[in-house]
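Notes for the one structure printed next.
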């Protein structure tokens, strides 16, 4: 499950964001919101969202040439990062004067479609407004990417030539070599890969600078973070999760027996961290060794309710969620740990708020607005 902070994804098995179930009447619009969120944190991946990855060649349109990586040579062959397709050269709009190619729009438009409709093309005809909302969301993402680069420029934090080489070119080249697949089957091009990676690397550089208090446009102090955490009643908790996903009832019963055995060990005073290491199946505990720092609304309801009911250093009974069985230990709040976790989240919120003010003032000029309005899944392929 994904807990989203700006452009970065922090994997948290208990996050509420991936666990909610919507009513049928709201399902399509909720899916659109999820797609928009995914677009906002996206990074172009050859085998990622919506990519077919089923054959070696394809055409983007009648004027475009297929871009294919030879699977037999992909691990050793030199990748040409300067190649541009006709779709890369075709400018369909300018955002604050910066050209946006048909190839870039096409990637977002097609790559995330399946996340919304699940492969059912009829979904779009059920609500005639959804296509326009979807396109508007994609333009919003394109705008945000330009604002990220503009913000970095204003902060004098644009990527250096060395960073472009190591954090953009090298990563894309490695990706292309390892993928061994047609770019077009994943709706992308080398130029789109390079641009998207440049934006992501720039955002990471900005985030790092702001987290370290080095930026001028976005500032979050330790005192700000601590006050925010206390005002929102943040707590810290660790857990041992025994996964039951995709298991039969009989296997789930065995897992519950195991959880009960672990619970006895935990309540008898065995080292909780050692038990996490030995039995835990949530990878988030490895990346968050101090525990999850969260507020109400961040986590799955069952997990959150149990955690907030505990006293410091108290261990819960077995808590069941759709992910499995959890044994939760509420930790005593540590200001340093809290500030570190909350500061990143608060910084991300302030960054997004700042960028929204800039996005609201973005000027978009279409090369052919009538043609853009006519784009749909029949014309954009």
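Go through region 217-251 residue by residue and tally those that are surrounded by 17 or more Cβ atoms within 10 Å (Cβ to Cβ) and either assigned to a strand (DSSP E or B) or without any contact (Cβ under 8 Å) to a residue 40 or more places away in the chain (or both).
Total satisfying the criteria: 8.
Identify, from the list 69, 35, 100, the residue that is surrounded by 12 or more Cβ atoms within 10 Å (Cβ to Cβ), in contact with a helix residue (DSSP H, G or I) (Cβ under 6 Å, 6 or more places away or on another chain) and at pLDDT 85 or above.
100
Identify, please: which residue in region 259-287 is in contact (Cβ under 8 Å) with a residue 60 or more places away in the chain and assigned to a loop (DSSP other than H, G, I, E, B) and is, among those, nearest to residue 316 (Cα to Cα)?
282
The values are calculated or read from the model by the stated rules, or taken from the named source; none is laboratory data. Being a predicted model, the structure only gives us computed values, none of them experimental. Counting neighbours? That spans all protein chains shown, and the Cβs are built from the backbone with ideal geometry, glycine included.
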